[in-house]
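Each remark here refers to the structure printed beneath this line.
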Amino acid sequence: MATTSRLGAWQPTTLEDRIDRMESLSAVRQLPSRYALALDSRDMDTLVGLFVPDVRVGRDATGREALKRWFVEVMSVPRTSVHMTANHVIDFDDADHAHGIVYCHDELERPLTGEWELGKLQYWDRYERVDGEWYFARRRFLRWYLVDALRRPGPGAGVNDNDEPLTTDQLPEAFDTWAPFWEQGRAEATSEPPGS
């Protein structure tokens, strides 16, 4: 039975492969930060350059030009955006493919409504190395909430409740471990805390 490490299924066996995985880990960790900077500065060419050349956009389009058109549409709604990323977990599937999750706190200025929205989300990513460079192969975002700064967030607040072109799945319900925890966890719970 094959074992997996905390860095994923790919187990490098040579020193060269181990060094390659360390370098790859560093390169992949750069992607979300560069994405946030390009997004917030509206540098669309740099932004789409972080994705594989044949990136899929929606159901019918592919390529960076199609992705650029989509980002221009989406990022024309808020005037200002601030994306702060953290908690980047990366698992390597093999030497040239990985997947990961990135937490993000985002803020969006809405001039039409006079609101400044605050939100929490995650990106569920697929990464691929092409010609020696690491890229996003796919980037899917899921959200806990998005509310005006003067409003207290509740579960699902502000998620998919407007006409914007960007919709998402709801956290924490999207985690495949969420429902089983609540279905089985309560039955197994004890009244004493761990270590008592």
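Remarks
- Residue in the range 45-60 that is nearest to the chain's Cα centre (by Cα), counting only those that are farther than 16 Å from Pro78 by Cβ and outside any loop (DSSP other than H, G, I, E, B): Phe51
- Summed over the range 137-172, the residues that are modelled with pLDDT of 85 or more and not β-branched (Val, Ile, Thr) give a count of 19.
- From the list Gly114, Gly58, the lone residue that is under 29 Å from Asp161 (Cα atoms), of a type in the set (Gly, Ala, Ser) and in contact (Cβ under 8 Å) with a residue 12 or more places away in the chain is Gly58.
- Residue count, the range 112-141 (criterion: under 20 Å from Trp70 (Cα atoms), touching an Asp or Glu at 6+ places or on another chain (Cβ under 6 Å) and surrounded by fewer than 19 Cβ atoms within 10 Å (Cβ to Cβ)): 1
- Output for the range 61-96, where each listed residue is within 30 Å of Pro12 (Cβ to Cβ) and surrounded by 16 or more Cβ atoms within 10 Å (Cβ to Cβ): Thr85, His88, Ile90, Asp91, Phe92
- If you go through the range 28-40 and pick out every residue that is surrounded by fewer than 15 Cβ atoms within 10 Å (Cβ to Cβ) and hydrophobic (A, V, I, L, M, F, W, C), you end up with 1.
- Options Arg42, Arg29, Arg21: the member that is in a loop (DSSP other than H, G, I, E, B) and either more than 14 Å from Arg139 (Cβ to Cβ) or modelled with pLDDT under 95 (or both): Arg42
- Selection status of Thr85, at pLDDT 95 or above and outside any helix (DSSP H, G or I): yes
The values are calculated or read from the model by the stated rules, or taken from the named source; none is laboratory data. Quick caveat: nothing in here was measured; it's all calculated off a predicted structure. Reconstructed Cβ throughout: ideal geometry from the backbone, glycine too, with neighbour counts over all protein chains shown.
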